[in-house]
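K.L.:
Provided herewith is a single structure, encoded as structure tokens, for subsequent inquiry.
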Amino acid sequence: FILSVMLVFIGGCNKLENESTSATKILLTALTGNDLSGNSGATTVFSDVVCTSGTIINDLGTASIQAVLLNPTATSASYYQDVVIDQIDVSYTRTENGRNVEGVDVPFGFSQKVNFMVGVGSSIDLPFMLVQHNAKMESPLVELTTWTNQEKILKLEAKVTIHARDVAGNRLESVVGYISVWCANYGDDC
């Protein structure tokens, strides 16, 4: 009898419950950035490594995030189940040739601390740094500014990992999303 009761409870657990002690999870519903004209909402970001004026600027992304309860049949939530997004990690890969050495083939990955609260059942658009301006002054992006590489485009896939905790302090399972970033010296005024 005890064995059958244990099997019922063990069978009711899901993988996410094993990775988190929170009753809340976050959903990453979209990752977007700016298109070549500077308009937001693009699923492919065009990163100009240097403006025609010589200015180097950061490229921002936006993560659309929703907080939901793990139990889909729950009808109400406590304040302690609300979510605080507290860190975003960005790393890069190249898909066309598999060359992925940071600082040589792709920019260095980085982490950024943030502090955004999302109530259960709510969603937010969270702006974040997608390509740092200092990455445009290091390899491999700085090479795109030389006259021999003026027409080359470096196609990157940015992996964005979002970390969160609930108000009670329980860590949530991190969510991961990807967005394409095409880097070049586009020759426009940023």
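K.L.:
Along each principal axis of its Cα atoms, how long is the range 138-190 end to end? Whole angstroms, biggest number first, please.
P.N.:
Largest to smallest, the principal-axis extents are 54, 19, 18 Å.
K.L.:
Still on this structure: For the residue pair Thr44 and Lys152, what label-to-label distance in nm results when each label sits 7 Å from Cα along the Cα-to-beta-carbon direction?
P.N.:
Distance between the two pseudo-spin positions: 2.0 nm.
K.L.:
When the Debye formula is applied to the Cα atoms of the chain, each taken as the same point scatterer, what base-10 log of I(q)/I(0) results at q = 0.10, 0.14, 0.16 Å⁻¹?
P.N.:
With no solvent term, the Cα-only Debye profile gives -0.50, -0.81, -0.96.
K.L.:
Pairs Lys25/Lys155; Lys113/Lys159; Lys25/Lys159; Lys113/Lys155: which are spaced more than 23 Å apart, C-alpha to C-alpha?
P.N.:
Lys25/Lys155; Lys113/Lys155
K.L.:
I'd like to check one number: the per residue accessible area of the range 32-190, probe 1.4 Å, reported in Å² as a whole number.
P.N.:
51 Å²
K.L.:
Related question: Thinking of the range 85-182 as a set of Cα atoms, what percent of all their pairs are more than 23 Å apart?
P.N.:
35 percent
K.L.:
If the only charges are +1 at each Lys and Arg Cβ and -1 at each Asp and Glu Cβ, what is the size of the charge dipole of the chain around the Cα centre, to the nearest 20 debye?
P.N.:
Here the size comes out at about 460 debye.
K.L.:
Still on this structure, please answer the following. Let's test this: bin the Cα-Cα distances of the range 19-88 at 5 Å from zero up to the farthest pair and state each bin's percent.
P.N.:
3, 13, 18, 16, 12, 10, 10, 8, 6, 3, 1, 0
K.L.:
Compute the helix-to-body angle for 2-11: its Cα long axis versus the longest principal axis of the chain, expressed 0 to 90° and rounded to tens.
P.N.:
With both axes taken from Cα atoms, the answer is about 30 degrees.
K.L.:
Starting from the amide H of Val106, placed 1.01 Å from N in the peptide plane, find each other amide H under 5 Å away whose residue is 5 or more places distant or on another chain.
P.N.:
Val101
K.L.:
Let me ask something else about it. What number, in percent, do you get for the relative contact order of the range 70-113 if the mean sequence gap of Cα pairs under 8 Å and at least 6 apart is divided by its residue count?
P.N.:
Dividing the mean separation by the residue count of the range 70-113 yields 37 percent.
K.L.:
Can you give me the distance in nm between label points at Ile57 and Ser174, each placed 7 Å from the Cα along the Cα-to-Cβ direction?
P.N.:
If labels sit at Ile57 and Ser174, their model points lie 3.0 nm apart.
K.L.:
Same structure, new question: Report the FRET efficiency, 1/(1 + (r/R0)^6), for Ser78 and Asn100, where r is their Cβ-Cβ distance and R0 is 45 Å, rounded to 0.05.
P.N.:
Rounded to the nearest 0.05, the efficiency is 0.55.
K.L.:
With springs connecting C-alpha atoms under 10 Å apart, model the chain as a Gaussian network and identify which of Ala135, Ala67, Ala77 has the largest mean-square fluctuation.
P.N.:
Ala77
The values are calculated or read from the model by the stated rules, or taken from the named source; none is laboratory data. Since this is a predicted model, take the numbers as computed values, not measurements. Virtual Cβ from ideal backbone geometry, glycine too; neighbours counted across all protein chains shown. Only protein heavy atoms, including side chains, enter the accessible area calculation; ligands, DNA and RNA are left aside. Shrake-Rupley method; radii C 1.70, N 1.55, O 1.52, S 1.80 Å.
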